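First the structure, in the form of C-alpha cells, and then the observations on it.
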C-alpha cells in the first residue's frame, strides 16, 4: 500500500464509508477506490482535489502529511 493510499483509506474509514459508498460519491467503480488505496492505480490530480475537498483536507496532507 502506498503512503497516499493509506491516507485515502484512513479518510474513508474515518468517515465510516465503504469503498462502494465512496464510489457513488466519485462516480467510479468501487474497485477504483480500492485500487487507489492499494496503490495499484494512480490517483489523478483532479481526483485528489475532489478527495481533499470531500474530506475537508488539503492535497498536501494527503500527499505528504500523516492524517491520523
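Mean separation of Cα pairs under 8 Å and 6 or more residues apart, divided by the residue count, gives the chain a relative contact order of 40 percent.
Note on residue 17 and residue 47: the extension gain reaches 9.1 nm, defined as 0.36 nm multiplied by sequence separation minus the Cα-Cα distance. The computed percent of Cα pairs over 20 Å apart for the structure shown corresponds, within [x] 12; [y] 19; [z] 31, to [x].
Listed from fewest to most Cβ neighbours within 10 Å, the set 60, 50 follows the order 60, 50. Residue separation of residue 38 and residue 64 scaled by 0.36 nm, minus their Cα-Cα distance, works out to 7.7 nm of gained length. Here 4, 33 are placed in order of increasing Cβ neighbour count within 10 Å, fewest first, which gives 4, 33.
Since every read-out is calculated from the coordinates, none of them should be taken as a lab result. Since this is a predicted model, take the numbers as computed values, not measurements. Virtual Cβ from ideal backbone geometry, glycine too; neighbours counted across all protein chains shown.
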